[in-house]
Structure formats: structure tokens, C-alpha cells
Amino acid sequence: MSESPQLTYTEIDRTVLDTLSPPSGGYWLIVMVLILGVLAGVACWVYQIFIGIGAGGQNIPVAWGTYLINFVFWVGIAHSGTLISAILYLFRAGWRNPIARAAETMTVFAVSIAGLFPFIHLGRVWVVYYMLPYPNQRYLWPNFQSPLVFDMVAISTYLTVSTLFWYTGMLPDLAVVRDRATGFRRKVFTVISLGWTGKHEQWRHYTRGYLFFAALATPLVISVHSVVSWDFALGIVPGWHSTIFAPYFVAGAIHSGLAMVLTLLIPLRKLFHYERIVTMRILEAVAKTIIFTGLIVGYAYTVEYFLAWYSHNGVEMEAFRWRALGDYSLEFWIMVVCNSIIPLLFFFKKIRTSIPWLFGISILINIGMWYERFVIIIGGVAHGFIPHAWGLYWPSGIEWGIMIGSFSLFFLFFVLFVKHLPSISMTEMKETLDHGGGHGN
Amino acid sequence: MDRRTFLKIAGVSGLSFAASCTSQPEKTLYSLVQAPDDMVIGKANWYASTCRECPAGCGVLAKNREGRTIKVEGNPLHPINRGRLCMRGQAALQGIYNPDRIKTPLLKEAGKWRPVTYAEAEAILQAKAEAAMRNGNGRVRMLTEVVGESLLNLASQSLENWDSKGPVIFEPFAYEALKEANSQVFGVDGLPSYKMDQADFLVSFGADFLETWLSPVEYARKFKDMHGLRGQNKSLYFHVSPYQSLTGANADFWFSCNPDSEHFIALGLLREGIRHGNGRSLPEKDLTAIDTVSSPYTREKVFELSGLPPELFDKLYIHLQLARKPLILGTSTSATGANSLQTNIAVNLLNLVFDPDLELIDFSNRHRVETADRRSTVLEFLTGLKSGAADLLLLNNVNPAFALPPGSGVREALERDSLFVVSFSNFMDETTELADLVLPVCLPLEAWDEYAGKTGIVSTLQPTMGSLTGAPNIGDVLLRAAFGPQRPVKNFQAYLFAQLTLKDVVRGKRDWLQVLQKGGLFQSRKQEGGLRGSLSDTYQSTMAAPPTPKENHLVFFAVPSIRFFDGRGANRPWLCEVPDTLTQVAWQTPVLMHPETLAARGLKQGDIVQVESRWGQLQMPVYETVGVHSKAAVVAIGQGHTSFGRYASGKGANPISLLSPELEPESGGPFFAAGPIALKKTGRSIKLAHTDGSRTQHERKISLSVQLEDLVHPEHHEAHGLGMWEFPLVLPLPEAYDRETRDIYPPHQHVDYRWAMVVDMDKCIGCSACAAACYAENNVGVTGEERVVEGREMAWLQIQRYLDPEQREKTTFLPMLCQHCDNAPCESVCPVFAPHHSKEGINNQIYNRCIGTRFCSQDCPYKVRRFNWFAWEWPEPLNLQLNPEVTVRTKGVMEKCSFCIQRIKDAHNTAKNEGRKILDGEIQPACLQTCPTGVFTFGNLMDEQSEVRKKVQDQRAYQVMGYLNTKPAVIYLKKVVQDI
């Protein structure tokens, strides 16, 4: 590690390209473990397809379980990636540059995994193509009034745009790798760098294109999770049917995404010696943003209660009373404490500059955000309109298996990514070097 | 072709289906090249028969499609049930198609069963009977359930032919106390029927006439004729008992009293009645006698003995005194406790004092179950067997090993080596297990027979389908075994014909066919019934020293179950799956106790408690309810079988095992109560398989009631607003859309019809017959105990029971089914249009379009949609019962009530063929068809003259959570309640 106070182009290149050196045995062990986790999830899903969705814990009234919790959770995770890479890019927030690549990657993988869950959730996944709008002999046409169709459109758009954005941003870096690589690897990178030579013309197109992409992706950050929230808000279920849902979900998504960025970057920074690139100042900036999103989320929790009281609607009031004091009160308080109380600790400089604290709190926020989805998705219908039908839900072993599979798949993708593609944008680091964006202090 | 030929052919096709029980089912569907004249593929044949699931004897019509009976419905011509049926009647089908039905005779050899042929079995029976005859007189005995007169005659003749006495008739519920009381007061050792419909005030001292008592379907109808709203009037019904049965929950007031103390209340009422000058027209001698027995029971004394506060006693008395035609009923089906006889005597005397002409007691139409022998006779019989009084015992559809308390000596009697026991049962129940030969005979829906539930009528049974197992009729078995080739008639059918001709019921073959087609001969042949002047007074000694309740100890009550009766229904999956209405618990047998009782012992609902009496012990989960007295613990009889097939064996608990084998000396009846009992915590608890989430409705405008005196005040029809209580009744019709205030989307336009249903909650008694009928009609899956615990029961229609939050003993029943909303929340959220709004307004669920997102269920405020979490199983041959008109749903799709769309379509076809519109009342969904009290009305809302359209004008009409503006097509009429 260089002792120089100022990063140089060479140092950036060296640090980042070092990460692509052939991995150790420990790495492959981790990959194997993650593959096993994925296989376990796949096995659970196959079992569920054969047995029926009853392999999970869903019932009437709670017909949606962890599959949709995980769906919303992963879509939420996916949000901060685009926030960081697109919105902060447009705002010219220099501190985003070192973490943008990792965050974007997280977005792409998280959306992919989120996209799996609606399939896992379906009672008859083998006829999922009934949802596709194409002329067919079944005379079937999807119901565009259904939030699930909005969802399908929103998620697939988001996946497409975020993937393209990620790939576009990576092109110059891929060329750098190609230039230093040999053998088979060189061939692969030659293909995927799409003939990047660094000509002035290419740079001009690239920067313009990246800007347009950023502008295009920005509304998606807002829209996708708004659409996801309408899965709930457009239903008449007490606790769901609320206009606050879209901003509330978007803030929650960014909250969870930022936490996941910390969860991923802190080990990465340690393992790949990124301390001088991903500086404490950057982590601090993320932590400060988390305070902000945490406050929005806390505000949303409060407003929901206020509105329930203000509506004077007995059904709504009971739903929210029960949420805090009923069968799922533990989950509710995990949600409140982890999402809106604990992040306030970041107000203390000591805490937001301490790696263990940052890491620990980011994990807690991830847990809290998972439980937020649990509280909303399960809690709403479990205690709905008709008291006779009230019931409880707990995830089954199969559901846990699938959930483990999904986490394994996400981390598997990420682990493969960090050793095979540049996990920090060398281009953007170099761009901002002179503006102080890459300074170590 | 005559009917017999047809039935032979139907039988053959039935047999070919039956072949699938043992081998791989045929993969090919055949249509008959030469079908019988009256068999049209796709068209049902209906056969009139008689239900034999309990001794009431309701008339049924069995629907036969392509050779197999797929549904039973009440016979509208039958005077007992008038076209209605209870849930046990609906489930009779699951006896025929039960997967655990014995398919061939079994002979026990060295403790193991060996299948033999029917011919071999009958030969063994004949040989054993002849061997027994050689040993002397009376060596062949028979224990049978209550059977029709013809079969009883044949059994007696057969036994006589074997030099033996006639059969002993065993019914677990034989009403000994009631019969003895009738004998001691009215001089009639029998069970008269009651003209409940003509009463204007009804008191029951425990009689559970809506569940099992004498003839529940008949009395449910008569009860609502009396208790239902007529214009602005409604009669009162009071229930006096230490626990609230379903019948008690239907009372306007439940007078809870100490266990074993009902008779004091009745005597107290007698005393007041005589003091106020009632019964003056009775002979002086009788009045004095009544006065003598009742005079000690002042209201204070009654309070001291029964715990009934004097002010409540006064209310009870005042209403009795004010009534013009009061009717007082005695104790429950399982005449509980030590005081049953005294209670029934006091009740009879009350009827006599308040209605000296006994106009409401019909001595000429008596219930057939009165022919059952008293328990004392049955126990003597068993003692005789134990001492070796017989060599051959025939058992016809009785299960004493289950239904008698341990210590009654059933096992000892039946296991005696020298006794050869032949069971005619179709199921390996506890008694049949002890038999030496099982010779299954065909079940009532497959048999020729005759059974009159009441005197004065004749009700016939005919095979409604071919025999599935090839089992013979018991009559034929007896004829062949007892009379051999020289038998007087060639078969039981001919015997039946001869018997009915003898009684002048049938006059020739043509007449016979007509009788069969109608299901019997129902004109009541009026018999001598008046009993004035022939009163008996033997009751005086019985009443001299009535039993007083024991000190403060807990009394255990074993009560009959509306679902399982005496336990014979426990192997029918529908009956297990449809929850008990009051507890909403399915599949399990909880012990019901008062919250105070539980709190005192540190118990809570779901804890498994060990109940110990002097005679046995039993572990059961606890259910908390204010519907039982704090000194009582109540358990339903029926489950807890140790054998009896996969649905019964090992499920629940059998409370009879806690009861005393001793008898009440005077009536010779058993005790269905035991005390004192001890409760021991086991430290374990289970999740009850209950289908309700909350017992109250949280003021959400779900299950509404109205005070009788408030009926004149208009309410919802005049409401204008958007709040929960101001929201008006909005019919699911275009004119109910108001784009200005509450609607965004345009209305649905309907073509000719807009189907709707009116549910009159004032009539609903919570019997769940509708729910069982729905399972039968719509191929609804049975999920099992574990799945019910998980919340995955599939009922399309359920009786929701809501307790009043202030007075939790007050209950309303709400039949909840798909509301077929005009503004259905489920329709808009489905991505593939699987819930589809039909042009006749029905919310159709298109199964093959459904991909299983379950969004519709999430968004349904009524939570009436059901999801196929698994592929439900119909173990063969239960699958043969499936209605061919209704799709069997696969795993992963949503389903729900369809308003019996198949019946609507059928009506459409008929109407089209006849070139007319569908008539009002022509369509009867299965729930409506079977409802004993006529809760449901179904019809076209667009027809201004239709019954539903008229009923929605009722002041009581409202929509469940109508304020959601879903515009439900199921419109409820509030229950009418009266404060006393």
C-alpha cells in the first residue's frame, strides 16, 4: 500500500486490477458453499412445484408470505444502486464515484433475484406466460388494471435499464482490463469491451450516453418502488390502502439499499485494500444519507399512525393498534428500532467513523427492512376486515430454504463479480482525482 | 323396461366403477351403446329413499348420474323434513363411498381376518345358527339399531325360526328418561311428537332439538315457523341448562343453572303456575298431586338449589304465564345427569298445567326411536351373553363397544369363546373388531327397505345405485339363512311388498311403484291420541325426594354432536371437516369450560388437560367459552374411535369413556354426566383446529341484529352517506351507482338476469347443513386436521359465529359465502382476468385461467376465496361421489362459491328448451336446497317481481361491510332479537 497522500492513476489501476488476480482456495470454498446454498433453494422450489404452494406457510387470510417479502426486499436493495450511480451522478456528488460500481452491480443482481420471487410465489408457475400480452389462441389478454401487470412492466424495465447502465459505465474499465490481460481472458475482455480504444470520439459518446442513461434511470428509481408499493396500496386491505405508500416505499428502498452497500463495501474494502479509494469520508457520507432515509422512514411510520387515528376508521385504527401490540408486535418493534432508531446513532461521529459500528448497524438495518416488509405484507391481511377470518402466518422450512437460496445466489453473483470484473470504476476515480473527489481525507 | 332391470344395469355399471377400488382405474371413458331407456348420459335420475343416518327418518332424493349416486337431497314430499336435510344426511354418501368400507366378508381365524365370499359367509352364518339351535332354545340373539317395522318383523321371525327371542334394539340415545316420564305422567311409554310450530312460547330444559333430539330437521323447521319473524311478531324461546348447546345458543335467553338442578326450576314454575290459577281444568286429584310435589319450591328455594337468580326466574315465569300456547320441552338427547327423569316429569306436568288439553303434544305421531330398548334391557342382554346364554350373536349396525361406557361388559360378552359373533357392519369399528365374522350388508342408499321415522307414515327405501361392494341386503341374508330354500318369499323386496300390502299401504304393483317414486305414503292415518282422563300419577313417588346437586364440584357432560350423532358419523370426512358451529373447531374434541373454571386452575385454551372421573380418564384440549356453567365441563360425543377407518380412528376423544356404566334405576337409562371429576394439567398444549380468528365482529357491520321493537324504524334504506353506519344499501344494479359521490367506474350492464341471494339471519340456526351440502355439490376438498390448523380449510360457505362483546353468551350466525360483488375488489387485481364478472352479475372464477397469484384473496374483504394449496385427495372410491358437473380443481388455483353455477346453467338449458325465461325460484343452490329453516332466497334482482327483489325491500336488509361499496349481491336480513 502506498504511503502517498495523493492517489495516482497508477495506484488506482494497480489497486483495482490487483483484485482480479487469480483467487485463493478460500475464495473457491466460499463459492462452493454459496453454490450449495443456491442448490438448496432450487431443491426447495422444485419440491414446492411438485407438492403445491402449501409447502410454504401461507394460508387464508395470509396468502402472501416470504416470497413477496423477499421480492420487495430485493427490489428495495436494488434502489440505492441507481440512486448512487444516477441521481448522485447528476448532482455531481463526487463521493459516489468509488462506490458507484459496487452499488450498481448490487442493483443488477438484486433486481434479478427479486424478479425470481414472483415466479416462486405463483401457484401455477408453469402457466406464467398467461401474463404476457401477445395474441394467442387462448383469447387471453392480461388485465392492465392489475398492479401485478404494472409490476411486471416496471421490474423488467428497471432490470433492462440498470443492466445497460451498469454495462455502459463499465466499458472503459473493461478495456483497461483487456489491455493488461493475457490469454483466454484477453479474448473474453476483447469481446465484452466492444472495441473500446479510448478515442476522443468514443469518450464524447460515452460521457453523453452515460449522462442520458443517468437521466433516464433517475425517474425509474422513484417509479419502480412506487409501482411495487401499489401492489399493496391499490388493494383495499386496511394497513395497505394508503397514499403514503409510494414515497414511503421509495425511502425505505433507498434506506435498505444504502445499508446493503455498506454491508458489501466494508468487507470488500478490507479484503481488496480499498481503504485509500473507499475512504472513511465516503462511508461517512453513506452513513449520513442513511440518517436522512431513516428519518423519512420513521416519519412514514408515524404518519401512518396519525392517519389511522385521524381517519377515525375503526378498521384502520384496529389494524394499527394490533400492528404494534398484537401477534406481530415483536416484528413491528424490530422494524421500528432497526430502521428509525438505531440509524440515529450515526449522528455521533465516533460511531459513523467506526468500521465495526458501520458494519453492525448496516446489518441491523437490513434485518429491520426485511421485517418492515413482513409487518406490512403479513400484518395487513392477517388482521383484515372480517374478524372471523383473522389468522396468523409463519414461514415454513421450505420458505426459509428458498430464502437462503436467494441470499446465496446474490452473494454468489457478487463474489464472482468482484474477482472477475473491476469492482471500482477506475474511469470515474481518475475523472474526479483532480477535483478532490478521490482524496483520501 | 321396468325399474328393476334398470337397477340391475345401473348396478353393473356401479360395479364396473367399483372394480377400480381394487385395481388400476380404467383410463378409458365409455358411453353405453345401449343405455337403459331412462338413462340419458349427462342427465340425472332421482330416486326417493329414506335417510338412515339417525332414527329421525327423513325422506331423501338421491341424484344418480351414470349409475352412481352423487348427491342426496331432502324429499320435498316427505312430511318429516319437507325437502330439507341436515349435514349428517348430506354426508350419507360418504358412507357408501367410504374408502375404509369393508368390501368382502371377513372371517376371523386365529385373530386374523381372512376374506371369504358372500356365499361362504352366509353358509357359515347358517351353519352356526343351526348348531346353536341344536344347543337348545334362545341360543341365537340379535342386537340391532332401530329399524323399520318390516325388517324388525323379519328379524323376529328369523330368530323365532331359530327358536330364539326377537332382537334387542340398541340406540345409544334411547330417551329412557323421557319415555319413563311420559309413562309416569301421561301413561304412554313412548315418544310423542311436538307441534312446536303452533306454540307461541317455547322453553327447553336442555332438549337439543336443533341438533339431534328426536327429529332435528323437522323441529328446526317447526322452531323457525314459531320463532322466526312473522310480520312484526316473533315468539320467544328460552333454554334452561347448565350448558349452551347450539340449540341453547338460538334461544332468546339462556338461563344457566347449576348442573343437575333443572328440575327445581321446572318445579318452581309449576308451583307459581298453580298459585296463579293455571291448570284449573285439570281434575282436582291431579292438581292436588302436582301441587304437593311442587309446593316446596319457592323462587328463593329454586335460587338456592339451582343458582338461578329470582329476578331471572320471575322473567321466565312471567313469559310462561303470558303465553297463550306455551310448550315446554324436557332434557337433551343424551338425557344427562341424575335428574333427567325428574326434569322430564316436571316438564310434562308443566305442559299439563299450562295447556291442560295438551294440544301441542301429538300422541298419534310418535317417533320411531321409541322402539329402542332401554339401556337396562341392553345391559341385561349383555350380561346374559357374558354368562353364556347364547351361541350366536348377530349385530346390525350397532357399536356398543364404542357407545357404552367401559365396564358395561361389551368386550367380555363379545369375546366369549363359545359365542360366535356376526357383524353386518360395513366398517371395522370397535364392535366389529370383536366379531368372528363380518358379513357386510348393503347400506341404506343401496337397499330395499322401509322405515317410518314417525307412526302414521310409511317411508320407503330403494336402491339409489348399484351395490358398490356387492353386499347383500340384510333382509335377504336373514331370509336365506333362517328359511333356506323353503323361504316364504324369494327375497326381501318381495317380503317388503307383502308386509306393506298387509298394512294396506300398497295395493298392487302399480301402486307400489307410485309409493316408491314418492318415497312412501305420507297421509297420516289418524290414530287414537287423546289422553285426557287417562293421566297417570305414578310420578309422585319419583318426585317425592328429587336428587339435589352435589356440593361445589365439577360435573362432566357428554353431549351428542350435531356432526357425529352418537359417533356413527365420525368416519365421514365432511362431518369432520365442517367445524362445530359454536366452537368452530374441526377434527378435534375439545373440552368446553367456563373462563372462571379455567382461571381457577391456571389453564388456558389449547392446553391439554387430563380429565379424570371414577370410571376413566381422558386427555383433551381445553376450549374456553362462557356457554357452559362454571361447574360444568362439556364434551361432544362422536370422536375418539380406536378403529372405524382413517378419518375416525385416533381422532379426538371419546367422552363416554369417563361415564359410569351404572343406570338410573327408575328409567333404566344411562348417565351421560359424571361427577365429580378432577382436572390435571399435562403441561402440554396444542393448536386447536378452529376456523375463526376473532369471536366478535369488532363493530364492523358484519353480523347485525335488530330489536323487535325497533323494526318499525327505517334505517339503511334511508341512509345517505359514506361512513360505516351512514352508507346506504347499494344493490348490485346499475341504478345503485352514483358517479357524483361514491363511484368512479361505470356500472356493469347485465343481460336479463342479475343473480342475487338474500340471507335471512333471523332464521339461521347455525346447523351447517348448508356447508356440508356445498362440499357435496361442489367437490370441495377435505383438508384434514393439520391443514385446518394452518388455516387452509376449503369451505366455500361457512357459518361464522359472532359473540356479542358485552354478553358473550349471545350468539349470531352468519352464513358467509362469496358476495358476488358488483364492484368486486378481486376482479380488478388479477393479472389474467381469472375472476370474471359475468353478464348475469356473477363473479366467476375461471380455474384454468388462474395462475395462482392469490391477489384476489388478499384483496377480498370477506375472505371467502379458497386456494388449492395442494392437490386434495379423494381416496378411492370417494372420487366416485364427485359431481361431474363441477370441475375438480387442481393445485395452485383459487376457487370459491359460484352460486352453484352448474345449476344456473342447467336452468338456462331447460328454459331455453322450453322457450321461456328462468322462473323465480327455479334455481336452488345446494345451500338453499338443504337449509332446514329456509334461510336463503335466490333469484333475479332485475325482476321486480322476484322474491329476492321483494326481500331486499325489507327494513332489515343490509350488506356485510356495505360501506366498502363493493355492492355485494348477497344481502342479509338482520337477526331480530328481543330483550326479556
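The values are calculated or read from the model by the stated rules, or taken from the named source; none is laboratory data. Predicted model, so just to flag it, every value in this text is computed and none were measured. Cβ sites come from the backbone with ideal geometry, for glycine too, and all protein chains shown count toward neighbours.
Specify the residue that is nearest to the other protein chains (Cβ to nearest Cβ); the eligible residues are those in segment B:873-922 that are of a type in the set (Ser, Thr, Tyr) and surrounded by fewer than 20 Cβ atoms within 10 Å (Cβ to Cβ). Talk me through it step by step, then tell me what you get.
Here is the first cut: in segment B:873-922, the residues of a type in the set (Ser, Thr, Tyr) are B:887, B:890, B:898, B:910.
Next, only the ones that are surrounded by fewer than 20 Cβ atoms within 10 Å (Cβ to Cβ) stay: B:887, B:890, B:910.
On the way: B:Thr887: 14, B:Thr890: 8, B:Thr910: 29 Å.
By that ranking, first place goes to B:Thr890.
What number of residues in segment A:144-153 are assigned to a helix (DSSP H, G or I) and within 7 Å of chain B (Cβ to nearest Cβ)? Step through it out loud before you land on a result.
First, the residues of segment A:144-153 that are assigned to a helix (DSSP H, G or I): A:147-153.
Subsequent filtering for residues that are within 7 Å of chain B (Cβ to nearest Cβ) retains A:147-149.
Here the count works out to 3.
So which helices (runs of 4 or more DSSP H) stay within segment B:428-524 end to end and still have 1 or more residues that are in contact with a Lys or Arg (Cβ under 6 Å, 6 or more places away or on another chain)? Break it down into steps so the answer makes sense when it comes.
Numbers: elements: B:474-483, B:492-502, B:509-518.
Because the criterion is at least 1 residues that are in contact with a Lys or Arg (Cβ under 6 Å, 6 or more places away or on another chain), the helices (runs of 4 or more DSSP H) in segment B:428-524 that meet it are B:474-483.
Given segment B:600-691, what strands (runs of 3 or more DSSP E) lie entirely inside it while holding 2 or more residues that are within 15 Å of B:Ala558 (Cα to Cα) and among the β-branched types (Val, Ile, Thr)?
Numbers: elements: B:607-612, B:617-624, B:632-636, B:678-685.
Per the criteria, B:632-636.
Go through the residues of segment B:923-934 one by one and say whether even a single one is crowded, with 17+ Cβ neighbours inside 10 Å, within 14 Å of chain A (Cβ to nearest Cβ) and in contact (Cβ under 8 Å) with a residue 24 or more places away in the chain.
no
Quickly run through segment B:192-205 and pick out the residues that are at pLDDT 95 or above and under 18 Å from B:Glu176 (Cβ atoms).
Of everything in segment B:192-205, just one residue is at pLDDT 95 or above and under 18 Å from B:Glu176 (Cβ atoms), namely B:Phe205.
Any residue that is in contact (Cβ under 8 Å) with a residue 60 or more places away in the chain, within 14 Å of chain A (Cβ to nearest Cβ) and in contact with a Gly (Cβ under 7 Å, 6 or more places away or on another chain) - is there at least one of those in segment B:763-775?
no
Which numbered condition trips up A:Val62, out of (1) of a type in the set (Val, Ile, Thr); (2) away from every other protein chain (no Cβ under 14 Å); (3) assigned to a loop (DSSP other than H, G, I, E, B)?
(2)
For segment B:293-311, enumerate the residues that are under 14 Å from B:Phe264 (Cα atoms) and either in contact with a Leu (Cβ under 7 Å, 6 or more places away or on another chain) or not in a loop (DSSP other than H, G, I, E, B) (or both).
The first filter runs over segment B:293-311 and keeps only residues under 14 Å from B:Phe264 (Cα atoms), leaving B:293-310.
Correct list: B:Val293, B:Ser294, B:Tyr297, B:Arg299, B:Glu300, B:Lys301, B:Val302, B:Phe303, B:Glu304, B:Leu305, B:Ser306, B:Pro310.
Anything in segment A:380-408 that is farther than 16 Å from A:Thr263 by Cβ and away from chain B (no Cβ under 14 Å)? List them, or say none. Give the derivation first.
Looking only at segment A:380-408, we keep the residues that are farther than 16 Å from A:Thr263 by Cβ, and these are A:380-405.
Across segment A:380-408, the qualifying residues are A:Trp400, A:Gly401, A:Ile402, A:Met403, A:Ile404, A:Gly405.
A:Trp141 - would you say it is among the aromatic types (Phe, Trp, Tyr), within 14 Å of another protein chain (Cβ to nearest Cβ) and more than 27 Å from the chain's Cα centre (by Cα)? I'd like the intermediate steps shown before the answer.
Working: among the aromatic types (Phe, Trp, Tyr): yes; within 14 Å of another protein chain (Cβ to nearest Cβ): yes; more than 27 Å from the chain's Cα centre (by Cα): yes.
So A:Trp141 fits the description; yes.
Among the residues of segment B:620-634, is any under 30 Å from B:Asn426 (Cα atoms) and in contact with a Leu (Cβ under 7 Å, 6 or more places away or on another chain)?
We begin by selecting, within segment B:620-634, every residue under 30 Å from B:Asn426 (Cα atoms); these are B:620.
If we keep only those that are in contact with a Leu (Cβ under 7 Å, 6 or more places away or on another chain) too, we end up with none.
No.
Mind telling me which of the residues A:Gly239, A:Gly252, A:Gly257 ends up being within 14 Å of another protein chain (Cβ to nearest Cβ), crowded, with 23+ Cβ neighbours inside 10 Å and not β-branched (Val, Ile, Thr)? It would help to see each step written out before you state the result.
Working: A:Gly252 fails: within 14 Å of another protein chain (Cβ to nearest Cβ); A:Gly257 fails: within 14 Å of another protein chain (Cβ to nearest Cβ).
Step by step, each of A:Gly239, A:Gly252, A:Gly257 is checked, and only A:Gly239 is within 14 Å of another protein chain (Cβ to nearest Cβ), crowded, with 23+ Cβ neighbours inside 10 Å and not β-branched (Val, Ile, Thr).
Applying the selection to segment A:101-131, what residues are touching a Leu at 6+ places or on another chain (Cβ under 9 Å) and within 14 Å of another protein chain (Cβ to nearest Cβ)?
A:Phe117, A:Pro118, A:His121, A:Val128, A:Tyr130, A:Met131
Taking segment B:663-689, which residues are under 28 Å from the mean Cα position of the chain (by Cα) and farther than 24 Å from B:Pro621 by Cβ?
Listed by number, the residues that qualify are B:Leu663, B:Glu664, B:Ser667, B:Gly668, B:Gly669, B:Pro670, B:Phe671.
Here is a list: A:Gly81, A:Gly26, A:Gly54. Which entry is surrounded by 23 or more Cβ atoms within 10 Å (Cβ to Cβ), without any contact (Cβ under 8 Å) to a residue 24 or more places away in the chain and in a helix (DSSP H, G or I)?
On the way: A:Gly81 fails: without any contact (Cβ under 8 Å) to a residue 24 or more places away in the chain; A:Gly26 fails: surrounded by 23 or more Cβ atoms within 10 Å (Cβ to Cβ).
A:Gly54 is the lone residue from the list that is surrounded by 23 or more Cβ atoms within 10 Å (Cβ to Cβ), without any contact (Cβ under 8 Å) to a residue 24 or more places away in the chain and in a helix (DSSP H, G or I).
Looking at B:Ser215, is it within 21 Å of B:Asn396 (Cα to Cα) and either in contact with a His (Cβ under 9 Å, 6 or more places away or on another chain) or buried (at least 22 other Cβ atoms within 10 Å of the Cβ) (or both)?
No; evaluated as a whole, the condition is false for this residue.
Rundown of residues vs (1) among the small types (Gly, Ala, Ser); (2) closer than 30 Å to A:Ile386 by Cβ, yes/no style:
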{"site": "A:Tyr248", "(1), (2)": "no, yes"}
{"site": "A:Thr263", "(1), (2)": "no, no"}
{"site": "A:Lys270", "(1), (2)": "no, no"}
{"site": "A:Glu284", "(1), (2)": "no, no"}
{"site": "A:Thr289", "(1), (2)": "no, no"}
{"site": "A:Gly326", "(1), (2)": "yes, yes"}
{"site": "A:Leu345", "(1), (2)": "no, no"}
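Taking segment B:794-804 as the search range and keeping residues that are part of a loop (DSSP other than H, G, I, E, B) and within 11 Å of chain A (Cβ to nearest Cβ), which one is farthest from B:Asn250 (Cα to Cα)?
First, the residues of segment B:794-804 that are part of a loop (DSSP other than H, G, I, E, B): B:794-797, B:804.
Checking which are within 11 Å of chain A (Cβ to nearest Cβ) leaves us with B:794-795.
Values: B:Met794: 26, B:Ala795: 23 Å.
Among those residues, the one meeting the criterion is B:Met794.
Here is a check on your reading of the model: is A:Ala285 within 30 Å of A:Ile30 (Cβ to Cβ) and either under 22 Å from the mean Cα position of the chain (by Cα) or within 14 Å of another protein chain (Cβ to nearest Cβ) (or both)?
It is true that A:Ala285 is within 30 Å of A:Ile30 (Cβ to Cβ) and either under 22 Å from the mean Cα position of the chain (by Cα) or within 14 Å of another protein chain (Cβ to nearest Cβ) (or both).
Given the conditions (1) more than 14 Å from every other protein chain (Cβ to nearest Cβ); (2) in contact with a strand residue (DSSP E or B) (Cβ under 7 Å, 6 or more places away or on another chain), report the number of the one that A:Leu344 does not fulfil.
(2)
Which residue is farthest from B:Met133 (Cα to Cα), if the candidates are limited to segment B:385-400 and must be in a helix (DSSP H, G or I) and modelled with pLDDT under 95?
We begin by selecting, within segment B:385-400, every residue in a helix (DSSP H, G or I); these are B:385-386, B:400.
Next cut, modelled with pLDDT under 95 only: B:385-386.
Numbers: B:Leu385: 16, B:Lys386: 19 Å.
In this case the residue turns out to be B:Lys386.
It is to be established whether one or more residues within segment A:160-172 are closer than 27 Å to A:His255 by Cα, within 14 Å of chain B (Cβ to nearest Cβ) and out of contact with any His (no Cβ under 7 Å at 6 or more places or on another chain).
First pass over segment A:160-172, keeping only residues closer than 27 Å to A:His255 by Cα: A:160-170.
Adding the requirement that they be within 14 Å of chain B (Cβ to nearest Cβ) leaves none.
Checking segment A:160-172: not a single residue is closer than 27 Å to A:His255 by Cα, within 14 Å of chain B (Cβ to nearest Cβ) and out of contact with any His (no Cβ under 7 Å at 6 or more places or on another chain).
For B:Glu284, state whether it is surrounded by fewer than 22 Cβ atoms within 10 Å (Cβ to Cβ), without any contact (Cβ under 8 Å) to a residue 24 or more places away in the chain and over 20 Å from B:Leu352 (Cβ atoms). Reasoning before the result, please.
Numbers: surrounded by fewer than 22 Cβ atoms within 10 Å (Cβ to Cβ): yes; without any contact (Cβ under 8 Å) to a residue 24 or more places away in the chain: yes; over 20 Å from B:Leu352 (Cβ atoms): no.
Spelling it out, it is not the case that B:Glu284 is surrounded by fewer than 22 Cβ atoms within 10 Å (Cβ to Cβ), without any contact (Cβ under 8 Å) to a residue 24 or more places away in the chain and over 20 Å from B:Leu352 (Cβ atoms).
To keep it simple, each residue is scored yes or no on (1) crowded, with 24+ Cβ neighbours inside 10 Å; (2) in contact (Cβ under 8 Å) with a residue 60 or more places away in the chain.
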site	(1), (2)
B:Asp314	no, no
B:Ala323	no, yes
B:Thr333	yes, yes
B:Gln342	yes, yes
B:Leu349	yes, yes
B:Asp355	no, no
B:Ile361	no, yes
